[in-house]
1. What number of residues within the range 5-34 satisfy the criterion of being part of a loop (DSSP other than H, G, I, E, B) and at pLDDT 90 or above?
2. Has the range 132-143 got any residue that is closer than 22 Å to A46 by Cβ, modelled with pLDDT under 60, part of a loop (DSSP other than H, G, I, E, B) and among the hydroxyl-bearing types (S, T, Y)?
3. Please determine whether any residue of the range 23-45 is free of Cβ contacts under 8 Å to residues at least 60 places away in the same chain, under 10 Å from the mean Cα position of the chain (by Cα) and closer than 21 Å to S81 by Cβ.
4. Return the residues of the range 71-116 that are free of Cβ contacts under 8 Å to residues at least 40 places away in the same chain, among the aliphatic types (A, V, I, L, M) and within 22 Å of G56 (Cβ to Cβ); say none if nothing qualifies.
5. Quickly run through the range 59-98 and pick out the residues that are hydroxyl-bearing (S, T, Y) and either at pLDDT below 95 or buried (at least 17 other Cβ atoms within 10 Å of the Cβ) (or both).
Amino acid sequence: MKIERFEDLEAWKAARVLVSQVYDMTGQAQDTGRDYRFRDQITAAAVSVMSNIAEGFSRRTDREFAQFLFISKGSCAEVQSLLYVALDQGYTNKVSFQKIYDQAESVARLTSGLITYLLRNTTKQSESPKGSAQTKDPGITSAPPTQQTQRTP
């Protein structure tokens, strides 16, 4: 199946779930209502994950797309780091922490798989005698299976 819209990407779909989970967590914790800086930072990081996947998809080359995916992956790590703040400050419990952390990890894995595909595709095209005429066909929608590490707070 050829991917024609960013909404078709599994990584973007998973990032959308992550955004919902982060907003649910910050909406349920009364204390985050007063901690504007924290709430704004974690929601912005989650939205950045989703937005960079979409923005990168609209770029002209696979290399540009991959660059936005790297930013998205970095935002996944930012969400995960901020989850420790949420846990330490009592904004969330261990179950919610783990659920959101795992979702961010899943998005990062999907994004990594897409980056690998795009960069491999770019390398193959630049090695071909016809040069690097690139067409966007991010047909891979999930990362290869990797060992998932369980983080315990």
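1. The first filter runs over the range 5-34 and keeps only residues part of a loop (DSSP other than H, G, I, E, B), leaving 5, 9, 29, 34.
With the extra rule that they be at pLDDT 90 or above, the set shrinks to 5, 9.
Looking only at that region, the number is 2.
2. Yes, the range 132-143 contains a residue that is closer than 22 Å to A46 by Cβ, modelled with pLDDT under 60, part of a loop (DSSP other than H, G, I, E, B) and among the hydroxyl-bearing types (S, T, Y).
3. yes
4. Listed by number, the residues that qualify are I71, A77, A108.
5. So the first thing to find is which residues in the range 59-98 are hydroxyl-bearing (S, T, Y), and the list is 61, 72, 75, 81, 84, 91-92, 96.
Answer for the range 59-98, where residues must be hydroxyl-bearing (S, T, Y) and either at pLDDT below 95 or buried (at least 17 other Cβ atoms within 10 Å of the Cβ) (or both): T61, S72, S75, Y91, T92, S96.
The values are calculated or read from the model by the stated rules, or taken from the named source; none is laboratory data. No experiment lies behind these values; they were computed from the predicted model shown. Counting neighbours? That spans all protein chains shown, and the Cβs are built from the backbone with ideal geometry, glycine included.
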